[in-house]
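Have a look at the structure below, then the notes.
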Amino acid sequence: MHPIISRTFFGLRPAYYVRQFIYALIPTAIIFNFMLSKKGEFGILWPMYALMIANVLLYPYARHFVSSVFGLLRGDGTYYVSVVALVLWNLLVLAIVLGIAVFVAPFGLIVLYFQNK
């Protein structure tokens, strides 16, 4: 296998990739279900389906990049917040990153390449 592919697409730990993939798959499945149940009203939006599938597949790489940037900004400090605030923050980050994963994932792949070099 080419070193660039092995350092980027296979650079994440399998457990991390599967966990983030499942996190992205759950809201996407709910949206797919809604869109398919209302297909008479909206029509079949194939480009939207393709974009959603690409976002789900690239979400772990985008999330890795966002986590790297947040880690760089946060530093080694420890923050004490309520569980509700933490869950809401993570859901907000999930929704935003899942929506723009195709644009952020290339940066995540670049970060993985240099981390695994």
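The length gained on full extension between Ala29 and Phe114, counted as 0.36 nm times the residue separation minus their Cα-Cα distance, comes to 27.3 nm.
Other residues within the sphere of radius under 15 Å centred on the Cβ of Val93, judged by their own Cβ, net out at +3 (K and R +1, D and E -1). Surface analysis of the chain yields an accessible area of 70 Å² per residue, using protein heavy atoms and a 1.4 Å probe.
In region 69-117, the ratio of gyration radius to Kirkwood radius, Rg to Rh, stands at 1.06 when only Cα atoms are counted.
Between Ile5 and Ser37, the C-beta separation translates, for a Förster distance of 41 Å, into a calculated FRET efficiency of about 0.60. Around the Cα centre of the chain, unit charges on the Cβ atoms of Lys, Arg, Asp and Glu (plus for the first two, minus for the last two) sum to a dipole of about 200 debye. Counting only alpha carbon atoms, the long axis of helix 46-74 and the longest principal axis of the chain meet at about 30°. Note on Phe107 and Leu45: the extension gain reaches 19.5 nm, defined as 0.36 nm multiplied by sequence separation minus the Cα-Cα distance. Answer with a single label: of (1) 1.21; (2) 1.48; (3) 0.96, which was calculated as Cα Rg over 2.2 N^0.38 Å from the structure in view? Read-out taken from this structure: (1). Measuring nothing but how far apart in sequence close Cα pairs (under 8 Å, 6+ apart) lie, relative to its length, the chain scores a relative contact order of 45 percent. Projecting the Cα atoms of Ile100, Phe65, Val83 onto the charge dipole of the chain (Cβ charges, centred on the Cα centre) puts Phe65 farthest toward the positive pole. Using a probe radius of 1.4 angstrom, the carbon and sulfur fraction of the accessible surface of the chain is 74%.
The values are calculated or read from the model by the stated rules, or taken from the named source; none is laboratory data. Predicted model only: the values in this text are computed from it and were never measured. Neighbour counts are summed over all protein chains in view; Cβ atoms, including those assigned to glycine, are modelled from backbone coordinates with ideal geometry. When the accessible area is computed, the model is the full protein with side chains, heavy atoms only, and any ligands, DNA or RNA have been set aside. Shrake-Rupley method; radii C 1.70, N 1.55, O 1.52, S 1.80 Å.
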